[in-house]
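S.K.: One structure, as structure tokens, below. Some questions next.
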Amino acid sequence: MPAEPIRLAVIVGSVREGRFGPTVARWFADQARPREDLDVDVIDLAEVHLPMVMPAFGTAPAPEAARALASLTPRLDAADAFVIVTPEYNHSFPAALKNVIDWHGPQWHVKPVGFVSYGGLSGGLRAVEHLRLVFAELHAVGIRDTVSFHGAWRQFDGDGVPISPEGCNGAAKTMLDQLTWWARTLREGRTARPYAA
Ligand SMILES: Cc1cc2nc3c(=O)[nH]c(=O)nc-3n(C[C@H](O)[C@H](O)[C@H](O)COP(=O)(O)O)c2cc1C
């Protein structure tokens, strides 16, 4: 019997007006969707509208936050694996992304996280290194190989297609192969025995 596909949530981390993120995310989702071992859900944080102000411990979120969480949290819960599509802002990742990470906890636990980054000279790699530290705190496993676009806006044509697809398509495959290995292994582990969080 073929294994149940890995449910992959691709999170678009930039919410800025005029952002480049959707171009990168569309390309990446097009790499992931044809794979029979993946079931892809794209979560665009620009559509989430989660407030920055969190409730005090033990109190219910305000109605606006509760509405955002009602649509977002079940999708994070359902995911076996995540890929974060992130730009680099001032040598780190966007505040909207950190906000969504911080509003959640167990949804990240014992799951692998892959990274697709973009930016100027750095290609977003410093944002990825910061995300690795954050996700380690959340009992998640950062995938070693990443995909990064340096001077990203010069790497895609006007239709959002990479100008030199061999390198980035190959990097996406390597990362997804590692991610699916971890996702399968950790899903089996979560099913076999409770995790000691
Ligand atoms: C506030 C801000 C800070 C930035 N800081 C960096 C940076 O530290 N390193 C870098 O390589 N690019 C930096 N950039 C360039 C962005 O990575 C680039 O504009 C990218 O397209 C932003 O993603 P977005 O268009 O999806 O928002 C910065 C851009 C903004 C808006």
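The values are calculated or read from the model by the stated rules, or taken from the named source; none is laboratory data. Remember, it's a predicted structure, so these values are computed and weren't measured experimentally. Reconstructed Cβ throughout: ideal geometry from the backbone, glycine too, with neighbour counts over all protein chains shown. These accessible areas exclude ligands, DNA and RNA; they are computed on the full protein's heavy atoms, side chains included. Shrake-Rupley method; radii C 1.70, N 1.55, O 1.52, S 1.80 Å.
S.K.: Given VAL110, VAL83, VAL128, which one is of a type in the set (Val, Ile, Thr) and away from the ligand (no atom under 16 Å from the Cβ)? Write out each step before concluding.
M.R.: Details: VAL83 fails: away from the ligand (no atom under 16 Å from the Cβ); VAL128 fails: away from the ligand (no atom under 16 Å from the Cβ).
None of the other options fit; the residue is VAL110.
S.K.: Here's another thing I want to ask about it. Considering segment 50-85 alone, what residues qualify as being in a loop (DSSP other than H, G, I, E, B) and within 17 Å of the chain's Cα centre (by Cα)?
M.R.: First, the residues of segment 50-85 that are in a loop (DSSP other than H, G, I, E, B): 50-62, 79-80.
The answer is LEU50, ALA79, ASP80.
S.K.: Exactly one condition in (1) open to solvent by less than 60 Å² (accessible area, probe 1.4 Å); (2) within 16 Å of the ligand (Cβ to nearest atom); (3) out of contact with any Phe, Trp or Tyr (no Cβ under 6 Å at 6 or more places or on another chain) is not met by THR146; state its number.
M.R.: If we test THR146 against (1) open to solvent by less than 60 Å² (accessible area, probe 1.4 Å); (2) within 16 Å of the ligand (Cβ to nearest atom); (3) out of contact with any Phe, Trp or Tyr (no Cβ under 6 Å at 6 or more places or on another chain), just (3) comes out false.
S.K.: Determine which member of the set VAL100, VAL15, VAL24, VAL42 is surrounded by 13 or more Cβ atoms within 10 Å (Cβ to Cβ), in contact (Cβ under 8 Å) with a residue 12 or more places away in the chain and part of a strand (DSSP E or B).
M.R.: Details: VAL100 fails: part of a strand (DSSP E or B); VAL15 fails: part of a strand (DSSP E or B); VAL24 fails: part of a strand (DSSP E or B).
None of the others qualify; the one that does is VAL42.
S.K.: Continuing with this model, one more query. For segment 30-39, how many residues meet the condition of being surrounded by fewer than 19 Cβ atoms within 10 Å (Cβ to Cβ) and within 14 Å of VAL147 (Cβ to Cβ)?
M.R.: Initial filter on segment 30-39 (surrounded by fewer than 19 Cβ atoms within 10 Å (Cβ to Cβ)): 30, 33-37, 39.
From the residues that got through so far, the ones that are within 14 Å of VAL147 (Cβ to Cβ) too are 30.
So the count comes out to 1.
S.K.: Which condition number in (1) polar (S, T, N, Q); (2) within 30 Å of GLY58 (Cα to Cα); (3) open to solvent by less than 70 Å² (accessible area, probe 1.4 Å); (4) away from the ligand (no atom under 16 Å from the Cβ) is the one that THR191 fails?
M.R.: Among (1) polar (S, T, N, Q); (2) within 30 Å of GLY58 (Cα to Cα); (3) open to solvent by less than 70 Å² (accessible area, probe 1.4 Å); (4) away from the ligand (no atom under 16 Å from the Cβ), the lone unmet condition for THR191 is (3).
S.K.: Related question: Is there a residue being touching a Gly at 6+ places or on another chain (Cβ under 8 Å) and exposed (fewer than 13 other Cβ atoms within 10 Å of the Cβ) anywhere in segment 57-67? Full working, then the answer.
M.R.: Taking segment 57-67 first, the residues touching a Gly at 6+ places or on another chain (Cβ under 8 Å) are none.
Within segment 57-67, not a single residue is touching a Gly at 6+ places or on another chain (Cβ under 8 Å) and exposed (fewer than 13 other Cβ atoms within 10 Å of the Cβ).
S.K.: Related question: Yes or no: PRO63 more than 24 Å from VAL40 (Cα to Cα) and at pLDDT 95 or above? Can you show your working first?
M.R.: Values: more than 24 Å from VAL40 (Cα to Cα): yes; at pLDDT 95 or above: yes.
Taking the combined requirement at face value, the residue satisfies it.
S.K.: Please enumerate the residues belonging to segment 179-188 that are surrounded by fewer than 15 Cβ atoms within 10 Å (Cβ to Cβ) and within 20 Å of VAL40 (Cβ to Cβ).
M.R.: As a first pass, look at segment 179-188 and keep what is surrounded by fewer than 15 Cβ atoms within 10 Å (Cβ to Cβ): 181, 185, 188.
Selection gives TRP181, THR185.
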